[in-house]
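Have a look at the structure below, then the notes.
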Amino acid sequence: RFKQFCIENKYPGVSFYPIPNYDSKFLLLVNNIVKFDSVRRKTVFIEFNSDCKEFNEIVGATPVCLVENSVLADGFYRTDIEFGSSYAKDPIILVGLETGTKLKAQKFKGLYLEKVLDKYDWEDKTN
């Protein structure tokens with residue numbers, strides 16, 4: 001149902017790749033990248049590995065805080081930073097407000113949406 005929803009809404013930058021041996025499951029890839037504000041969010045980058053040029057662990061992803069203080073347009077986005085540890089790091093998948101409303105109306109199982117904080121919301125929350 002989710003894949004069909006995305007296809008019907010013609011969201012750009014969203015791709016689905018089949019998972020072998022699971023006919024009804026797909027890997028979702030989002031190519032629309034937004035910059036995550038790691039300074040304001042106080043994200044922690046742990047143990048830089050000079051061989052692979054990456055940190056072993058990146059923590060402090062939520063609540064999401066973006067560099068741009070504008071409302072995301074209808075569609076799907078991903079953060080420019082991947083969070084987690086070792087080889088299990090992934091970006092946060094974000095949706096625009098209109099997309100969030102549409103998703104909620106579909107009542108997808110396991111859907112979790114949280115507000116992306118803009119500069120003013122973030123300052124109110126941390127002060």
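Structure summary
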item	result
Of all residues making up the range 80-98, the number that are part of a strand (DSSP E or B), touching a residue at least 12 places away in the same chain (Cβ under 8 Å) and over 15 Å from Cys6 (Cα atoms)	4
Selected residue (criterion: farthest from Val34 (Cα to Cα)) from residues of the range 74-94 that are open to solvent by 40 Å² or more (accessible area, probe 1.4 Å) and hydrophobic (A, V, I, L, M, F, W, C)	Ala88
Residue list for the range 99-115, filter: free of Cβ contacts under 8 Å to residues at least 60 places away in the same chain and outside any loop (DSSP other than H, G, I, E, B)	Gly100, Thr101, Lys104, Ala105
Cβ pairs under 6 Å, 6+ apart, first in the range 10-25 and under 26 Å from Thr79 (Cα atoms), second small (Gly, Ala, Ser)	Tyr11/Gly75
Residue that is farthest from Asp80 (Cα to Cα) [pool: residues in the range 1-48 that are basic (Lys, Arg) and under 16 Å from the mean Cα position of the chain (by Cα)]	Arg41
Residue within the range 101-108 that is charged (D, E, K, R) and exposed (fewer than 11 other Cβ atoms within 10 Å of the Cβ) present	yes
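The values are calculated or read from the model by the stated rules, or taken from the named source; none is laboratory data. Bear in mind the structure is a predicted one, so any value in this text is a computation, not a measurement. FYI the Cβ positions are ideal-geometry reconstructions off the backbone, even for glycines, and counts take in every protein chain you see. These accessible areas exclude ligands, DNA and RNA; they are computed on the full protein's heavy atoms, side chains included. Shrake-Rupley method; radii C 1.70, N 1.55, O 1.52, S 1.80 Å.
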